[in-house]
1. Could you tell me which of rounded, prolate or oblate describes the stretch 1-133, using a ≥ b ≥ c as the square roots of the eigenvalues of the alpha-carbon gyration tensor, with rounded for a/c under 1.5 and, failing that, prolate when a/b is larger than b/c and oblate otherwise?
2. Kindly provide the trypsin sites (Lys or Arg not before Pro) of the stretch 190-259 that DSSP labels as loop, not H, G, I, E or B, and whose Cβ sees at most 14 other Cβ atoms within 10 Å.
3. Could you state the angle between the C-alpha long axis of helix 249-272 and the longest principal axis of the C-alpha atoms of the chain, as a value from 0 to 90 degrees rounded to the nearest 10?
4. With a ≥ b ≥ c the root eigenvalues of the C-alpha gyration tensor of the stretch 197-237, is it rounded (a/c under 1.5), prolate (a/b larger than b/c) or oblate?
5. Grab the beta carbon distance between Leu293 and Phe54, set R0 = 41 Å, and tell me the FRET efficiency rounded to 0.05.
6. If you place +1 on the Cβ of every Lys and Arg, -1 on the Cβ of every Asp and Glu, and leave all else neutral, what size is the dipole of the chain about its Cα centre, to the nearest 20 Debye?
7. Ratio of Rg to Rh for the chain, alpha carbon only, Kirkwood?
8. Please identify every one of the trypsin sites (Lys or Arg not before Pro) in the stretch 1-91 that sits in a loop by DSSP and has no more than 12 other beta carbons within 10 Å of its own beta carbon.
Amino acid sequence: MYIFAASVLPVWLLLQPRDYLASYMLYFSVFIGGVGMIFGGASYEVKLPAFKGFVTASGDWLWPLLFITVACGAISGFHSLVASGTTSKQLKRETDAVPVGYGAMLLEGVVGVIALGTIMMSGEMLQGGPTVVYGNGLGQFASLLGISPRVGTALGLLALNSFILTSLDTATRLARYQLQEFTGMSLNKYLATAISVGVALALIFVKTGKVAAWQMIWPVFGATNQLVAAIALLAMGVWVIRSLKKSAGFIMYPMAFMLVTTIVALVQMIAANLNNYIVSGISTVLLVLTVLLLKEAYAALKAAKAE
């Protein structure tokens, strides 16, 4: 019910106040994590080596695996959707977009580094998964400030769960926007939200054997997220060239790197999941859509050159 309400109510009524309150948890966890990363070296043992090679134990290469694993703390297609769907509605003036958007990604990069620090201390995946690793690490960092590790762990888990909550309601709202746009606004916000929530529930409760649907498609998330980022950069690059009549190398070069990286990752995923028709099918559809968008972008740039 919460994410349904967050999707249909005005941003200022629920999303913005909730984000405001959650930001304090973010700042608190970043402060504790920052203290731990800077001053914790003398107090805690680093249980993982800085470099273990270019190939994982399972045979996966560092490229493209690394670049589709580290997502929100580096480059994220989901964040480009958030920027257009919710962030833009909370800015006082357009010029605030640069410090808010760029500053937010820098701060999230810091959170990503802190998360890596918690993994370095644990040395292994603890029971409960990455969430427990992160909370346990922040609990140890908090002890440097005289805070009980148990209290620090609880606060770290609370902060992490507040991040997850913001993703749920924002994702539902963005799904509603996209459904409405895709159907030419023939769906009202209530029906579009109901469909979005219904699909999410189906992914949770529908199972193939003993595996839930969301667990089956989760491996595609990393490549999909970064692919959306590459496409967002492509769209911005075409706009800069066509509308502003300026060079867009600073956009197109990282776009090319992320595009090649995600396409290679999707091809590898298809090859590794030939018997999994859901994963290989989704990956194939994404590749086809990417090729179509590249063709459209090329046509637009060709037309701009002819003008």
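1. prolate
2. For trypsin sites (Lys or Arg not before Pro) across the stretch 190-259 that sit outside H, G, I, E and B with at most 14 neighbouring Cβ atoms in 10 Å, the list reads Lys210, Lys245, Lys246.
3. Here the helix axis deviates by roughly 80 degrees.
4. Oblate is the answer for the stretch 197-237, as a/c is 1.5 or above yet b/c matches or exceeds a/b.
5. So, using R0 = 41 Å, E works out to roughly 0.85.
6. 460
7. When Rh is taken as the Kirkwood radius, the ratio is 0.97.
8. Of the trypsin sites (Lys or Arg not before Pro), the ones in loops of the stretch 1-91 whose Cβ has at most 12 other Cβ atoms within 10 Å are Lys47, Lys52.
The values are calculated or read from the model by the stated rules, or taken from the named source; none is laboratory data. Quantities reported herein were computed from a predicted structural model and do not represent experimental measurements. Please note: Cβ atoms are built from the backbone with ideal geometry, for glycine as well, and neighbour counts cover all protein chains shown. SASA here: full protein model, heavy atoms, side chains in, ligands and nucleic acids out. Shrake-Rupley method; radii C 1.70, N 1.55, O 1.52, S 1.80 Å.
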